[in-house]
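**Student:** Have a look at this one before I ask anything.
What follows is calculated from the coordinates using simple rules that are stated; it is not laboratory data. Every value quoted in this text rests on a predicted model; they were computed, and no experiment measured them. Quick reminder, even Gly has a Cβ in these numbers, built from the backbone with ideal geometry, and neighbours come from all protein chains shown.
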Amino acid sequence: MRSGEAGADPEALRALYGRSDPWPAGPPAPGLRRACLCVEVDEADDVAAAERWMLAHAGRLTCVRSTGCGCCVIGWDIEGPAAIIDTLPAALAAAFDGPSQAAAPRRAPVAWGRRLWNRCFRRG
């Protein structure tokens, strides 16, 4: 587990990284949206922003699944009220599920995948 922010409560971070709620089947219920957060561990500002956002909203999210290996990427699949998901910093969002998907800027999955490939598989 890595912490991008020195002041974060270690127990809250441990709970956040260990949370793995069952993922609901089918589309989100009315009023709920889904998103995926994904940050590279060497991007300290992104890690801190993701942890800050997740710690602030984890109690109101209906589903949280910690994803990512932790050695090179950290991520969560989340579901929660649309009003909360809409506050997610666009730079952290890998994907959105919902009607405003076109309006929400997101990281280009191809560029992210290329960086991951180069970092993990093309070493040396």
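**Student:** For Val73, which sequence-distant residues (separation of 5 or more, or a different chain) have an amide H within less than 5 Å of its own amide H, given hydrogens modelled in the peptide plane?
**Tutor:** It is Val41, by chain and number.
**Student:** Going by how many other beta carbons lie within 10 Å of each one, how would you line up Ser20, Ser66, fewest first?
**Tutor:** So the ranking, lowest neighbour count to highest, is Ser20, Ser66.
**Student:** While we're looking at this one, here's another question. Which order do Thr62, Thr87 fall in if you start with the one that has the fewest other Cβ atoms within 10 Å?
**Tutor:** So the residues, fewest neighbours to most, are Thr87, Thr62.
**Student:** Find which of His57, Ala44, Gly75 sits farthest along the positive direction of the dipole of segment 1-76, computed with +1 on the beta-carbon of Lys and Arg, -1 on that of Asp and Glu, about the Cα centre.
**Tutor:** Farthest towards the positive pole: His57.
**Student:** Here's something else I'd like to know. Between Arg65 and Asp21, what is the label-point separation in nm under the 7 Å Cα-to-beta-carbon projection?
**Tutor:** Those two pseudo-labels are separated by 1.3 nm.
**Student:** Further question on the same structure: Among Glu43, Glu11, Glu79, which comes first, second and so on when ranked by fewest other beta-carbon atoms within 10 Å?
**Tutor:** Glu11, Glu43, Glu79
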